[in-house]
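The values are calculated or read from the model by the stated rules, or taken from the named source; none is laboratory data. All values reported here derive from a predicted model rather than from experimental measurement. Because the Cβ atoms are built from the backbone with ideal geometry, glycine has one as well, and the counts that use them run over all protein chains shown.
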Ligand SMILES: [Zn+2]
């Protein structure tokens with residue numbers, strides 16, 4: 001009988017954990033996607049720098065003619081400029097998103113009018129002094 005109770009309890013706990021876990025997981029932030037894109041841009045930038053160094057070397061040892069060198073170098077530099085510009089745009093977008101999240105966090109903070117303690121937006125009583133709090137206006 002005890003074994004049955006124990007195994008039922010374990011089974012129920014497992015089912016509850018299975019159902020609840022995905023609900024508790026933190027949501028993906030839009031920043032995750034942005035940082036993935038930035039990483040790709042940074043990889044492309046590094047690749048171009050490597051290619052430029054190789055081109056420089058090949059030209060110096062005479063494997064690439066002056067004419068080809070100038071043309072290839074121009075192409076690589078144009079591509080590098082394009083990527084650096086894209087990186088700037090990405091960084092600006094990440095900055096904006098961080099600022100937006102900080103602003104939202106600041107707006108959701110609340111203090112007790114009686115003692116000044118920080119309280120959660122959903123609190124109905126101050127945890128510090130017990131003062132009843134008005135429900136916070138929904139935004
Ligand atoms: Zn208080």
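Kindly indicate whether any position in the range 74-84 is farther than 26 Å from residue 44 by Cα, in the same structural domain as residue 39 (by TED's automatic domain parsing) and more than 32 Å from the chain's Cα centre (by Cα).
Of the range 74-84, the ones farther than 26 Å from residue 44 by Cα are none.
No, there is no match, as no residue in the range 74-84 is farther than 26 Å from residue 44 by Cα, in the same structural domain as residue 39 (by TED's automatic domain parsing) and more than 32 Å from the chain's Cα centre (by Cα).
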Which listed residue, of 91, 76, is in contact (Cβ under 8 Å) with a residue 12 or more places away in the chain, out of contact with any helix residue (DSSP H, G or I) (no Cβ under 6 Å at 6 or more places or on another chain) and part of a helix (DSSP H, G or I): 91
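Would you say residue 127 is surrounded by fewer than 11 Cβ atoms within 10 Å (Cβ to Cβ) and within 16 Å of the ligand (Cβ to nearest atom)? Steps first, please.
Values: surrounded by fewer than 11 Cβ atoms within 10 Å (Cβ to Cβ): no; within 16 Å of the ligand (Cβ to nearest atom): yes.
No.
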